[in-house]
Every structure is written in C-alpha cells, then in structure tokens.
Amino acid sequence: MAAEISDAHADGVVLVAVLKGSVPFLADMVRALTIVPIVDFMAISTYAPESGRVRIVKDLDIDVSDRDVVLVEDIVDTGLTLHYLLAELGRRGPRSIQACTLLDRTSRRIIPTPVDYRGFEIGDEFVLGYGLDFAQRYRNLDRVVVADLAVLRDDPDAYVGALYGS
Ligand code: 5GP
C-alpha cells in the first residue's frame with residue numbers, strides 16, 4: 001500500500017489519520033513511504049452506534065484545500081464513518097481525496113464507500129490489536145487477533161492474561 005500511495009502521489013500527500021485506532025498502522029505506513037507526507041489527525045465520536053451520526057472532537061490543524069488527501073483508517077465496517085469523513089473533507093476543497101484502510105469488512109457495508117487502498121478483507125469476526133480496541137484495551141498488541149465479543153462484553157479484560165502473557 002505504501003508503494004502504491006507513493007507512486008500515486010509523487011507530488012506529495014496529506015495523510016489524515018483517524019484517531020485512535022489507525023495510529024500503529026499509520027506509523028508503519030509512513031515509514032514505508034518513499035515520498036514525504038504531511039500527517040494530520042482527526043478524532044470523531046459516535047452519537048449512537050450504527051446511526052452514522054458522528055461529531056468531530058479533534059479537527060485537522062492544516063487546510064487541505066487544493067491538497068491530495070488520503071484518509072487512513074484501521075477498519076471500514078459499515079462504511080458510515082468513512083462516508084462521513086469523505087463528505088466532510090470533500091467540502092474543504094481538496095484536489096483529490098482517497099481512502100486507505102488496513103482492514104475492510106465489505107460484508108457489513110451499509111453505505112457503498114470507495115476504498116482505494118486496502119490491506120486485508122476480513123469476515124464477520126471481531127478483531128483486536130494493532131490499534132484496534134475493546135473499551136480502550138488491547139490497542140498496543142503488535143498483531144491483530146480475533147476475539148469473542150460476548151466474552152469481552154462480559155469482561156473487557158478477559159483476554160489480557162492470554163494475550164499479554166501474564
Ligand atoms: P464503521 O463506521 O465503518 O461501521 O466503523 C468503523 C469503526 O468501527 C472502526 O474505526 C472501529 O473503531 C470500529 N470497528 C468496526 N469493526 C471492528 C472490529 O472488528 N474490532 C474493533 N476493535 N473495532 C471495530
């Protein structure tokens with residue numbers, strides 16, 4: 001993906017990462033690019049899960065008008081978050097806007113959302129690690145693991161012992 005993005009953006013690119021889940025992926029991505037990106041962050045919060053209504057809680061520091069922008073996501077599931085962000089950034093007059101995601105679960109898509117750079121397609125399984133959390137836990141795992149949501153809902157720390165080796 002880094003090679004593809006570098007090839008497509010020889011003139012430079014603004015990478016907009018969505019906090020917090022995309023941080024490990026972004027860190028690996030930027031170090032694999034062969035161009036010099038500008039990196040900025042947005043944070044959003046969901047009003048109600050599955051509603052698609054989100055609120056920007058941290059906006060970009062830079063102006064993206066006339067810039068080539070690539071949004072960097074950890075996972076695209078229903079597509080509601082990405083759809084909202086593409087529309088929001090699109091209103092700011094970028095020269096181009098694309099989306100990049102580590103994981104893509106197309107089977108759950110509610111809104112058709114273009115994903116230009118995709119790491120892995122996954123199925124219905126809930127995943128944790130490498131930025132992805134449950135109740136703010138597990139983001140610092142160096143790999144992505146499949147977890148049982150029912151177990152996590154019962155005890156958010158259920159996998160700590162097994163995954164952190166303590
Ligand atoms: P969407 O708006 O596409 O439905 O959801 C995107 C967000 O849902 C992701 O950024 C992530 O925070 C969360 N999400 C969706 N699927 C998973 C998953 O399998 N594991 C975790 N940890 N988060 C997920």
DSSP beta bridge pairing in the chain, given as percent antiparallel to the nearest 5: 30 percent
Give, as ranges by residue number, the residues of the range 141-166 whose backbone N falls under 20 Å from the point 7 Å along Cα→Cβ of Ala135. 141, 145-166
Looking only at the range 39-129, where both bridge partners belong to it, what percent of the DSSP beta bridges are antiparallel (to the nearest 5)? 25 percent
Between Ile111 and Asp40, Cβ-based FRET efficiency (R0 30 Å, step 0.05) works out to 0.80
Given H placed on each backbone N at 1.01 Å, which residues far from Ala99 in sequence or on other chains put an amide H within less than 5 Å of it? Leu71, Asp116, Tyr117
For every helix of n ≥ 4 consecutive DSSP H residues, a contribution of -39,500 (n - 2.57) applies; sum these over the chain, divide by its total residues, and give [θ] at 222 nm rounded to the nearest 500 deg cm²/dmol. -6000 deg cm²/dmol
Full extension from Val145 to Val57: what is 0.36 nm times the residue separation minus their Cα-Cα distance, to one decimal in nm? 28.8 nm
Can you give me the angle between helix 23-32 and the longest principal axis of the chain, using Cα atoms only, in degrees from 0 to 90, rounded to the nearest 10? 50 degrees
State, to one decimal in nm, how far the label point of Ser96 lies from the label point of Thr78, with both points 7 Å from Cα in the Cβ direction. 3.1 nm
Please report the orientation-averaged projected area of the range 58-166, defined via the convex hull of its C-alpha atoms, in nm². 7.9 nm²
Specify which residue in the list Leu86, Val30, Phe120 is farthest towards the positive end of the charge dipole of the chain, using unit charges on the beta carbon of Lys, Arg (+1) and Asp, Glu (-1), about the Cα centre. Leu86
Rank by packing, highest mean first: peptides 67-77, 4-14, with packing defined as the count of other Cβ atoms within 10 Å averaged across residues. 67-77, 4-14
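No lab work stands behind these numbers, since they all come straight from the coordinates. Here the structure is a predicted model, which means the values were calculated and not measured. FYI the Cβ positions are ideal-geometry reconstructions off the backbone, even for glycines, and counts take in every protein chain you see.
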